[in-house]
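The values are calculated or read from the model by the stated rules, or taken from the named source; none is laboratory data. For clarity, every value in this text was computed on a predicted model and none was experimentally measured. Cβ placement follows ideal geometry from the backbone for every residue including glycine, while neighbour counts extend to all protein chains displayed.
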């Protein structure tokens, strides 16, 4: 199975973000012909203030209903249906009553939703440059470990800050995951030191392929328009922790082939799940 991770420089203009995603996906599908494509975290709306996020959030259709969704939801569904590929929709801003969630939706090649994951770990920190992030002031936290099937491979769901919590990735492996998607908008300062190291560590620990689409570049946060920067470097690793494909600076994409036989060989030769004692 061929997997593509997309890197975007999205902002708070939802219509422009959808247009940018469309251009990148169209090019990636034409050139690399992947079986599954993926977008970054909050690719529909990065930055702005809470009012903007609320106004651009989408109420998702009931699971399994096949009802009409909002513009971003229907965009993802149409990409899957038109191109006959699986689409791992990064994450978008979901509105559920009075609560917002940072939510992944995935679609099969018929345009049917097959997975929905709400980000569990919320980013409430102050970075080394003094910038404060309080994701819990805007979003609620999910509480469900989510996997789905794509071309005979079990796919696990995680989002950005989840990367720092290996217990989630162990739970995904125990749920059968062979490939884990990690759409992200990692900060520049933490990303340059931790992004690739942590992704490779999670791949080695779980013996899963890791596919991490990413946001890159400058965006404006809050009502004051404070500039913030994301690290980018969307990448794909194999279960041995090798980086197979990576995007450099700027919007783009990277593609790699997932080989289940290699997964089986790594797990056979290093049977860590059989040897685990404490968790």
How many of the residues in the range 180-219 are in contact with a helix residue (DSSP H, G or I) (Cβ under 9 Å, 6 or more places away or on another chain), buried (at least 18 other Cβ atoms within 10 Å of the Cβ), within 15 Å of residue 166 (Cα to Cα) and touching a residue at least 40 places away in the same chain (Cβ under 8 Å)? 3
Within the range 224-238, tally of residues that are surrounded by fewer than 24 Cβ atoms within 10 Å (Cβ to Cβ), touching a helix residue (DSSP H, G or I) at 6+ places or on another chain (Cβ under 8 Å) and assigned to a loop (DSSP other than H, G, I, E, B): 2
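Does at least one position in the range 114-128 carry a residue that is more than 17 Å from the chain's Cα centre (by Cα), in a loop (DSSP other than H, G, I, E, B) and either touching a residue at least 60 places away in the same chain (Cβ under 8 Å) or more than 28 Å from residue 1 (Cβ to Cβ) (or both)?
yes
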Return the residue satisfying two criteria in turn: it lies in the range 25-48 and is surrounded by fewer than 16 Cβ atoms within 10 Å (Cβ to Cβ) and touching a residue at least 24 places away in the same chain (Cβ under 8 Å), and of such residues it is farthest from residue 224 (Cα to Cα). 33
Could you look through the range 244-264, keep only residues that are part of a strand (DSSP E or B) and in contact with a helix residue (DSSP H, G or I) (Cβ under 7 Å, 6 or more places away or on another chain), and pick out the one that is farthest from residue 210 (Cα to Cα)? 253
Of all helices (runs of 4 or more DSSP H) fully inside the range 1-97, the set with 2 or more residues that are at pLDDT below 95 and more than 22 Å from residue 248 (Cβ to Cβ) is 50-56
